[in-house]
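S.K.: Just passing along the structure, written as structure tokens.
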Amino acid sequence: MPLARRRDAPTIPAMKLTSLLCCLLGLAATAWAASSKVPAISHADLAAAIAAKSVTILDVNGSSSFKEGRIPGALDYAAQKAQLAALLPKDKNALVVAYCGNEHCTAYLSAATAAQQLGYTNVKHYAPGIDGWKQSGAKLDRG
């Protein structure tokens, strides 16, 4: 004779939902932890580094956006990620800044993480992204 199911025992759909929620929370925590490992750089500090020619900038907005307008001197990460190691400076302490669309965009993490995995120790994130750069009235490179 089969055992009767207890009324307070979780159902299969409830267990799946619980597992899904746990996975989502884990992914969110991982994304937050990864983003906290890439410190931000201010607009003024980035502008000063560009003027001093002491920064390598990685644009993670995609090639069409890159052609429409980018922070001066930026590299098109989407088009050049395969040869990133050759494009970055030999000095692993050199400033490398990744940016994407705006402060809500996390695409910069792919470029920032790639630079960190290559051994770069001074990797930063320009959180305002290309939207913030444009809103500041700063110069853009095009084409």
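S.K.: Nothing charged except the Cβ atoms of Lys and Arg (+1) and of Asp and Glu (-1): what's the magnitude of the dipole of segment 37-135 about its Cα centre? Round to the nearest 20 debye.
M.R.: Details: 9 positive and 7 negative charges, 50 e Å.
The calculation lands at about 240 debye.
S.K.: So for segment 37-135, taking the charge dipole from beta-carbon charges (+1 Lys/Arg, -1 Asp/Glu), which of ALA107, ALA94, LEU58 sits furthest toward the positive end?
M.R.: Toward the positive end, the furthest listed residue is ALA94.
S.K.: Moving to a separate point now. Past 25 Å, Cα to Cα, is the threshold; run LYS37/LYS81; LYS90/LYS134; LYS92/LYS124; LYS37/LYS139 against it and keep the listed order.
M.R.: Details: LYS37/LYS81 21 Å; LYS90/LYS134 30 Å; LYS92/LYS124 13 Å; LYS37/LYS139 29 Å.
Result: LYS90/LYS134; LYS37/LYS139 exceed 25 Å.
S.K.: Where q = 0.12, 0.13, 0.19 Å⁻¹, what log10 of I(q)/I(0) comes from the Debye formula for segment 37-135, counting one point per Cα?
M.R.: -0.31, -0.37, -0.83
S.K.: Restricting attention to segment 58-122, which trypsin sites (Lys or Arg not before Pro) occupy a DSSP loop and are surrounded by at most 16 other Cβ atoms within 10 Å?
M.R.: Details: sites: LYS67, ARG70, LYS81, LYS90, LYS92; in loops: LYS90, LYS92.
Answer by residue number: LYS90, LYS92.
S.K.: Here's a follow-up. Please give every one of the aspartates and glutamates within straight-line cross-link reach of LYS53, meaning a C-alpha to C-alpha distance under 16 Å, and leave out same-chain neighbours fewer than 8 residues apart.
M.R.: Partners within reach: ASP45, ASP91, ASP141.
S.K.: With a cut-off of 8 Å between alpha carbons and a minimum separation of six or more residues, what is the relative contact order of segment 90-132 in percent?
M.R.: Details: 65 pairs, mean separation 23.1, N = 43.
Averaging sequence separation for qualifying contacts and normalising by length gives 54 percent for segment 90-132.
S.K.: Counting only DSSP beta bridges with both residues in segment 53-143, what percent are antiparallel, rounded to the nearest 5? Each step should come with its number before you reach the end.
M.R.: Values: 1 of 12 bridges.
Roughly 10 percent of the DSSP beta bridges within segment 53-143 come out antiparallel.
S.K.: Next up: GLN117: net charge of surrounding residues, Cβ under 13 Å, Lys/Arg +1, Asp/Glu -1, itself excluded? Let's see the in-between values first.
M.R.: Values: positive: LYS37, LYS81, LYS92; negative: none.
Summing Lys/Arg as +1 and Asp/Glu as -1 gives +3.
Throughout, read-outs are computed from the coordinates displayed, never taken from laboratory work. Predicted model only: the values in this text are computed from it and were never measured. All Cβ positions, even for glycine, are placed from backbone atoms using ideal geometry, and neighbour counts span all protein chains on display.
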